[in-house]
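Asker: Here you go, one structure.
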Amino acid sequence: MSGTRRLIVAVDGPAAAGKGTLARALAETLGLPYLDTGLLYRAVARRVLDQGKNPAECGAEQARVLQTEDLQRDDLRASEVDRAASLVARQPSVRAALLERQREFGQAHGAVVDGRDIGTVVFPNADVKLFITASPEVRAQRRYKQRHGVLCDDPALLAEEVAALVARDEQDASRAVSPLRPADNAIQILTDDLGAEAVLHRALDVLRDRGLYSHS
Ligand code: DC
């Protein structure tokens with residue numbers, strides 16, 4: 001490995017496409033800190049829900065007072081938080097409150113950062129921008145397996161999971177501020193038929209092509 005100091009790698013894409021798995025593996029391989037920005041929105045949503053407030057309208061105050069402990073809670077991946085996070089993430093004041101925090105994290109030592117707007121808004125000058133996608137069916141199965149430890153063999157249940165993912169993607173992609181979309185210069189990786197190792201190798205190939213990673 002060479003030249004990875006203060007390197008910023010942006011990993012964007014829709015829900016359950018494999019961003020987190022890739023970003024964590026990349027961070028480990030490159031020796032860089034990893035930031036899961038979705039967790040910030042989830043933690044804000046959790047605080048709003050805990051206060052009995054409406055996640056479609058409230059969030060900025062909670063985003064401003066977010067503590068490290070909020071990010072360590074083990075209930076941030078519940079499906080009610082999925083929906084609420086997408087709603088708080090639509091609010092410009094919430095995004096503004098979280099923006100500096102994300103930039104400071106990356107600017108200190110470089111980072112692999114995953115989210116929806118990392119390559120477009122948070123780090124528009126990132127050294128490498130990856131956009132990770134997969135079909136809704138594949139993503140729904142991955143999400144189900146994350147939650148239940150096994151693949152879903154009930155078509156009706158899977159269809160519900162697909163519908164929830166598609167609704168959340170639409171919400172994330174249609175918002176006025178920082179919508180989910182690939183940066184113009186992002187490299188897209190479709191992960192339907194690729195395991196985690198293969199996705200990591202694709203990403204490392206991109207870095208290698210740019211002289212940012214030199215191991216074979
Ligand atoms: O990646 P995730 O599923 O944990 O993200 C939770 C929600 O937060 C999701 O609806 C999209 C939103 N989000 C965002 O708007 N911008 C980011 N950089 C990361 C997540």
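Asker: Within 14 Å of the ligand (Cβ to nearest atom), out of contact with any Leu (no Cβ under 8 Å at 6 or more places or on another chain) and on the phi < 0 side of the Ramachandran plot: which single residue out of GLN51, GLN67, GLN91, GLN102 fits that description?
Answerer: Just one listed residue meets the conditions, GLN91.
Asker: Please specify each residue of the range 91-109 satisfying the condition of being out of contact with any strand residue (DSSP E or B) (no Cβ under 6 Å at 6 or more places or on another chain) and crowded, with 20+ Cβ neighbours inside 10 Å.
Answerer: GLN91, VAL94, ARG95, ALA97, LEU98, GLN102
Asker: Could you grab me the full set of residues in the range 202-216 that are assigned to a helix (DSSP H, G or I) and touching a residue at least 40 places away in the same chain (Cβ under 8 Å)?
Answerer: Of everything in the range 202-216, those that are assigned to a helix (DSSP H, G or I) and touching a residue at least 40 places away in the same chain (Cβ under 8 Å) turn out to be ALA203, LEU204, VAL206, LEU207.
Asker: A further question follows. Which of (1) farther than 24 Å from ASP184 by Cα; (2) away from the ligand (no atom under 12 Å from the Cβ); (3) in contact with a Pro (Cβ under 8 Å, 6 or more places away or on another chain) does ALA60 not meet, given it meets every other one?
Answerer: (3)
Asker: Being among the polar types (S, T, N, Q) and either outside any strand (DSSP E or B) or without any contact (Cβ under 8 Å) to a residue 60 or more places away in the chain (or both) is the filter here; which residues of the range 110-138 pass it?
Answerer: Once the filter is applied, which keeps residues that are among the polar types (S, T, N, Q) and either outside any strand (DSSP E or B) or without any contact (Cβ under 8 Å) to a residue 60 or more places away in the chain (or both), the range 110-138 yields THR120, ASN125, SER135.
Asker: Starting from the range 174-200, take each residue that is touching a residue at least 60 places away in the same chain (Cβ under 8 Å) and within 16 Å of the ligand (Cβ to nearest atom) and list its partners that are in a strand (DSSP E or B) and of a type in the set (Gly, Ala, Ser), counting only C-beta distances under 8 angstrom and pairs at least six apart or across chains.
Answerer: Hits for this filter: ALA183/ALA10; ALA186/ALA10.
Asker: Within the range 146-192, take every residue that is of a type in the set (Val, Ile, Thr) and under 23 Å from VAL81 (Cβ atoms) and give me the one that is surrounded by the fewest Cβ atoms within 10 Å (Cβ to Cβ).
Answerer: Ranking the candidates gives VAL150 first.
Asker: Just checking, which of GLN171, GLN141, GLN107 is within 14 Å of the ligand (Cβ to nearest atom), part of a helix (DSSP H, G or I) and not β-branched (Val, Ile, Thr)?
Answerer: Selected residue: GLN171, the only one of GLN171, GLN141, GLN107 that is within 14 Å of the ligand (Cβ to nearest atom), part of a helix (DSSP H, G or I) and not β-branched (Val, Ile, Thr).
Asker: List the helices (runs of 4 or more DSSP H) inside the range 20-102, counting only whole elements, that have at least 1 residues being of a type in the set (Lys, Arg) and free of Cβ contacts under 8 Å to residues at least 24 places away in the same chain.
Answerer: It comes to 37-50.
Asker: Quick test for you: out of GLU161, GLU197, pick the one residue that is of a type in the set (Asp, Glu) and either at pLDDT 95 or above or part of a strand (DSSP E or B) (or both).
Answerer: Answer to the selection: GLU197.
The values are calculated or read from the model by the stated rules, or taken from the named source; none is laboratory data. Predicted model only: the values in this text are computed from it and were never measured. Counting neighbours? That spans all protein chains shown, and the Cβs are built from the backbone with ideal geometry, glycine included.
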